[in-house]
Structure formats: C-alpha cells, structure tokens
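Below is one structure, written out as structure tokens; the observations come after it.
The values are calculated or read from the model by the stated rules, or taken from the named source; none is laboratory data. For clarity, every value in this text was computed on a predicted model and none was experimentally measured. Quick reminder, even Gly has a Cβ in these numbers, built from the backbone with ideal geometry, and neighbours come from all protein chains shown.
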Amino acid sequence: MTPFLDALRATLPDLRLLTDEIDRESYRRDETAHHEPGLPLGVAIPTTTDEVSAILRLATEHRTPVVPRGEGTGLSGGAAGVDGALTLVLSRMNRILEIDRDNLVAVVQPGVLNADLKAAVAAEGLFYAPDPASYEICSIGGNIGTNAGGLCCVKYGVTRDAVLSLEIVMADGRVIRTGGRNVKDVAGYSLTHLVVGSQGTLAIVTEATLRLRPAPPPKQTMLAFFPTIRAAGQAVAAMTRAGVEPCTLELMDRMTIAAVDDWHHLGLDRSAAGLLLIESDRPGTAADAELAIAESCCAEAGATSITRATEPMEADWLRQVRRLAFRAMERLGVARMEDVGAPRSRLPELLVAIERIASAHDVQCGTFGHAGDGNLHPTFVWERGDAAAEERAQAACEELYRAAIALGGTVTGEHGIGATRRPFLEAQAGADAVAVMRAIKAALDPLGILNPGKVL
Ligand SMILES: Cc1cc2nc3c(=O)[nH]c(=O)nc-3n(C[C@H](O)[C@H](O)[C@H](O)COP(=O)(O)OP(=O)(O)OC[C@H]3O[C@@H](n4cnc5c(N)ncnc54)[C@H](O)[C@@H]3O)c2cc1C
C-alpha cells in the first residue's frame with residue numbers, strides 16, 4: 001500500500017479498490033495487443049460521481065495519476081495501465097437514468113453498454129445512432145472517450161454528433177456540467193465537444209445526455225463483390241459523387257473475406273478481391289431507389305456479382321460477417337488493427353497504398369472498414385513471438401501513416417491517438433496545433449495526472 005491508497009481506503013471505506021497483483025494485472029491491457037502497458041498501482045471501481053470526485057481530489061493531493069477506463073475494448077492503448085497510476089473503472093456506473101421522449105434524449109451513466117442503450121431506446125420506438133462494431137462489449141463512456149465511430153456514421157455521424165451534455169469530474173475533483181438538453185446552444189465554448197474524443201486526458205465523464213432519433217425504417221441490404229480492391233474503392237467514390245447516402249457502406253478485402261469464411265463457413269465468394277456491404281434505411285420505395293443507384297455505381301466500377309438480402313435474417317448475417325472481421329483476423333496471430341482515413345474521393349488511392357506498403361514490408365495485411373467514411377482498418381498479422389515480423393509491421397504502419405497524411409487523410413479515424421500513435425500527431429496536426437492542445441491540457445490538468453502518456 002502507498003499513502004495514496006491508504007488515504008483512499010480511509011476516505012472511501014465502501015469503495016471497491018483492488019490492490020492484489022493478480023487483479024491489477026487483469027486491468028493492465030486493453031484490446032491493443034501489440035502495446036506494452038504498465039501495471040496499475042490499484043484499480044478503483046466507483047459507483048457514484050461523488051466517489052469519482054473524492055478520488056480525483058486525493059489523486060491531486062498525492063500527485064497520483066489516474067487512468068479512466070470503460071470496458072477496455074479500445075484499440076490505441078487509451079485505457080491501458082500506466083505504472084504507478086490508479087486505474088479508474090467506470091463500468092459499475094451503468095444505469096440508464098432517463099429516456100426523455102419529449103426532447104428525444106437519453107441520460108445515462110458512463111458504464112452503460114452501447115448495445116444496452118440501443119435496446120432500451122428501441123423498446124420505446126427510438127434510435128441511438130452511434131454503432132461501433134464492438135457495440136455489444138463497449139461502454140458509452142469509452143465511446144465518448146474515443147469519439148467512437150462505427151457502421152452507420154456515414155449517415156448518422158460519430159459519437160460527438162450524439163452528445164448534447166456531459167457531467168464531468170475535473171482533475172482537481174470539481175464537478176461541472178457542459179451543454180444541456182437544447183438542440184441549439186452556443187453559450188460559451190463547447191466544452192462538451194472538447195471532452196468527447198479526449199481519451200480521458202482532460203476530464204472524467206460521469207453522466208451523458210445523448211441525442212436520440214425516431215427509429216428509422218427497416219434496412220435493405222446489398223452485397224457487391226469486386227475483382228480488384230481499387231474497383232471497390234472506385235464504387236464507393238462513385239456513390240459519394242452520385243449523392244447516395246446509405247446508412248452502411250462497409251468494405252472487406254480478400255484476406256478478411258477468407259478469414260471470416262474459414263471461421264464461419266458462409267460460402268462467401270473467396271475469388272473476389274473485395275466486397276462492399278451497402279444498406280439503405282430510407283422509407284418505402286426510396287430504399288429500393290437508393291440501392292438501385294448504388295448497384296449501378298458498383299456495376300460501372302466492375303462488380304462481378306451483386307446480391308440483395310431477401311429477408312431480415314439474411315441481412316443480419318451479412319452485417320455480422322462484417323462485425324466478425326477483427327476477431328477473424330485475431331485467429332491468425334497477433335492482429336494490429338490500424339485506423340487510417342482519407343477524403344472519400346481518395347479512397348481508391350488509400351487502398352492501393354495499403355496493398356503496396358504491406359507487400360513492400362512483407363507483412364500479411366487484411367483490410368476492412370467503414371469505406372463510406374473513407375476510414376479503413378488495415379490489420380497487420382504476424383505469428384506471436386516473431387519479432388522480425390513485428391518490426392516489419394511497425395515499419396509498415398509508419399509508412400501507412402505517412403501515406404494517409406499525404407492523401408490529406410488521418411492516422412486515426414475513430415480509435416484515437418492513445419498511447420500508440422503519439423509520434424504521428426504532430427506530423428498530421430502540425431506543431432502549432434499541438435501546442436494549442438498542450439495549452440488546453442495544461443489549463444485543465446496542470447499537474448498532468450489525467451491519463452499521462454496518452455494523446456500528447
Ligand atoms: C472487435 C472490436 C471492434 C471494434 N469496432 C470499433 C468500431 O467500429 N468503431 C470504433 O470507433 N471503435 C471500435 N472498436 C474500439 C473500441 O470498442 C472503441 O474505442 C470503444 O469506444 C471503447 O469503449 P470502452 O468502453 O471499451 O472504452 P475503453 O477502451 O475502456 O476506453 C477508451 C478510452 O476512453 C477513455 N475513457 C473511458 N471511459 C471514460 C470516461 N468515463 N471518461 C473519460 N474517459 C473515458 C479511456 O481512458 C480510454 O482512453 C472496436 C474494438 C473491438 C475489440
């Protein structure tokens with residue numbers, strides 16, 4: 001025990017505080033398999049905002065860093081342990097506090113799982129849009145921490161677009177509210193939008209007011225297979241040009257198709273170099289009309305086959321195929337999922353660059369992702385313990401980041417800079433922008449106790 005942990009026990013005798021090495025070990029990692037994190041000093045699992053606030057006051061007093069954590073599914077090491085820091089797990093603050101139909105908002109604690117919120121609002125005929133592929137296992141707090149994206153951002157935006165107001169605990173323990181229930185609100189700086197995506201480095205979210213929508217009509221689903229990955233990219237660019245606004249526009253390449261098919265034996269076309277999953281949730285015949293335009297974009301780009309799901313269960317399966325992509329790659333070895341993005345018109349160039357870079361560095365790479373957003377997940381895979389392959393993958397990633405930046409894109413579309421992409425933030429954002437970020441961090445967390453070593 002340390003004076004800080006002693007003080008925590010004395011001040012908050014009912015707080016669940018784990019200090020055994022075996023418990024601390026289980027909170028060392030998030031899902032970022034290639035990242036080597038530190039060992040938490042202790043793990044606190046509070047149930048109220050008051051507890052979070054008291055923990056932060058003591059952390060400030062004892063100069064002890066704090067790592068906020070939701071469900072630990074992050075892919076940039078954001079919730080991964082830091083030596084000597086307290087890991088603060090928000091998963092027991094998991095109540096849906098209110099579903100306000102009159103204002104189309106839900107008020108939730110941060111530990112609510114995305115899937116549980118979706119199900120609860122769906123039961124009221126409403127829709128919570130943010131939809132990461134991990135929605136069944138990740139928390140709203142983690143989604144806010146990373147500004148998570150997902151499968152339907154192409155039409156409904158990212159997590160930031162769904163957050164109206166937050167209750168946050170500052171580094172010194174003060175509790176403040178940002179924003180409100182209003183659709184329009186320009187009173188002062190938007191602290192809400194500053195905190196969303198800050199990966200626990202500026203404040204800890206203890207409550208969120210989220211925007212709901214009326215439930216959209218059932219989706220119509222289409223699958224198109226392509227002879228080259230570039231052709232798939234060209235179809236995406238053509239759809240954007242044509243003004244098609246699908247609610248899902250996802251891509252999988254040859255290696256990912258094979259990995260999913262080997263696992264679940266779905267009879268996917270393994271001779272194809274890529275597939276697109278395209279969905280429309282427009283009402284009535286408008287969905288048909290939208291998919292007809294998408295179909296002609298695919299055909300013009302050279303699609304070898306195009307099929308439509310005939311019943312909802314078939315469509316669910318096709319969606320599931322895409323959601324299984326990362327787990328399928330993980331079955332092949334250590335899987336390092338990257339998260340690059342480019343303006344949508346340049347998606348074909350990004351796809352070609354990924355293939356070129358993987359081949360030049362002699363690493364296996366399967367690519368899938370949110371093609372409609374220009375956001376791809378090239379996933380490098382190597383055998384566990386093959387240090388030379390891991391080094392080649394590292395070199396490939398660095399070249400990939402440079403290629404994305406050169407296309408006017410980003411080194412991370414939705415997973416965050418976290419611990420793993422820090423060296424590339426300045427290359428993308430520029431030194432002056434990073435200096436402004438550092439000034440904000442210093443103003444809100446002058447002692448640097450919130451999630452040190454992440455983002456900046
Ligand atoms: C199979 C798989 C598929 C995935 N698909 C997607 C996808 O489609 N789109 C996508 O965006 N991501 C995806 N992810 C990544 C991950 O699920 C998301 O980043 C998710 O938002 C993390 O939520 P979490 O609860 O696990 O948060 P954690 O991993 O625990 O934390 C994430 C970050 O948020 C911070 N944080 C957590 N809670 C709080 C809080 N209360 N206050 C302040 N900061 C906090 C943490 O410090 C950390 O920096 C996927 C991951 C997996 C394993």
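Checked against the criterion of being out of contact with any strand residue (DSSP E or B) (no Cβ under 8 Å at 6 or more places or on another chain), surrounded by fewer than 22 Cβ atoms within 10 Å (Cβ to Cβ) and within 30 Å of residue 62 (Cα to Cα), the candidates 243, 173 yield just one match: 173. Scanning the range 261-280 for residues that are in contact with a strand residue (DSSP E or B) (Cβ under 8 Å, 6 or more places away or on another chain) and outside any strand (DSSP E or B) returns 268, 269, 272, 273. Just to be sure, is residue 129 among the small types (Gly, Ala, Ser), within 26 Å of residue 282 (Cβ to Cβ), free of Cβ contacts under 8 Å to residues at least 12 places away in the same chain and more than 8 Å from the ligand (Cβ to nearest atom)? The answer is no for residue 129.
Any idea which of 117, 104 is more than 8 Å from the ligand (Cβ to nearest atom), on the phi > 0 side of the Ramachandran plot and touching a residue at least 12 places away in the same chain (Cβ under 8 Å)?
104 is the lone residue from the list that is more than 8 Å from the ligand (Cβ to nearest atom), on the phi > 0 side of the Ramachandran plot and touching a residue at least 12 places away in the same chain (Cβ under 8 Å).
Selection of the range 53-90 for residues being more than 19 Å from residue 23 (Cα to Cα), within 11 Å of the ligand (Cβ to nearest atom) and either among the hydrophobic types (A, V, I, L, M, F, W, C) or assigned to a helix (DSSP H, G or I) (or both) yields only 75.
Please go through the range 319-371 and give me each residue that is of a type in the set (Ser, Thr, Tyr) and not in a helix (DSSP H, G or I), ordered by number. Give the derivation first.
Of the residues in the range 319-371, the ones of a type in the set (Ser, Thr, Tyr) are 345, 359, 367.
The one that is of a type in the set (Ser, Thr, Tyr) and not in a helix (DSSP H, G or I): 367.
Pairs linking a residue in the range 148-177 that is closer than 22 Å to residue 65 by Cα to a residue that is hydroxyl-bearing (Ser, Thr, Tyr) and within 12 Å of the ligand (Cβ to nearest atom), with Cβ atoms under 7 Å and 6 or more positions apart or on different chains, are 167/49; 167/206; 168/206; 169/49; 169/206; 175/49. Here residue 347 meets the list (1) more than 16 Å from the ligand (Cβ to nearest atom); (2) under 17 Å from residue 276 (Cβ atoms); (3) modelled with pLDDT of 95 or more almost entirely, failing just condition (3).
Of the candidates 221, 178, the single residue that is buried (at least 19 other Cβ atoms within 10 Å of the Cβ), among the polar types (S, T, N, Q) and within 16 Å of the ligand (Cβ to nearest atom) is 178.
Checking each residue in the range 392-450 for being polar (S, T, N, Q), out of contact with any strand residue (DSSP E or B) (no Cβ under 7 Å at 6 or more places or on another chain) and away from the ligand (no atom under 13 Å from the Cβ) picks out only 394. Scanning the range 136-146 for residues that are surrounded by fewer than 23 Cβ atoms within 10 Å (Cβ to Cβ) and either near the ligand (Cβ under 8 Å from one of its atoms) or closer than 15 Å to residue 97 by Cα (or both) gives a single hit, 137.
Taking the listed residues 49, 32, the one that is within 13 Å of the ligand (Cβ to nearest atom), on the phi < 0 side of the Ramachandran plot, buried (at least 22 other Cβ atoms within 10 Å of the Cβ) and of a type in the set (S, T, N, Q) is 32, with no other qualifying.
Among residues of the range 303-319 that are surrounded by fewer than 18 Cβ atoms within 10 Å (Cβ to Cβ), those with a beta-carbon under 9 Å from a residue that is among the hydroxyl-bearing types (Ser, Thr, Tyr) at least six positions away or on a different chain give the pairs 304/271; 308/221; 312/221; 314/221; 316/221. For the range 152-170, a residue qualifies if it is surrounded by fewer than 20 Cβ atoms within 10 Å (Cβ to Cβ) and out of contact with any Cys (no Cβ under 9 Å at 6 or more places or on another chain), and the qualifying residues are 157, 160, 170.
Residue 183 - would you say it is farther than 22 Å from residue 240 by Cα, surrounded by 20 or more Cβ atoms within 10 Å (Cβ to Cβ) and more than 14 Å from the chain's Cα centre (by Cα)? Walk me through how you get there before you give the answer.
On the way: farther than 22 Å from residue 240 by Cα: yes; surrounded by 20 or more Cβ atoms within 10 Å (Cβ to Cβ): no; more than 14 Å from the chain's Cα centre (by Cα): yes.
Criteria not met by residue 183.
Checking 261, 253 one by one, the residue that is among the acidic types (Asp, Glu) and free of Cβ contacts under 8 Å to residues at least 24 places away in the same chain is 261 and no other.
A search for C-beta distances below 7 Å between a residue of the range 228-246 that is under 25 Å from residue 129 (Cα atoms) and any residue that is buried (at least 20 other Cβ atoms within 10 Å of the Cβ) and among the β-branched types (Val, Ile, Thr), counting only pairs 6+ apart in sequence or on different chains, returns 246/154; 246/278.
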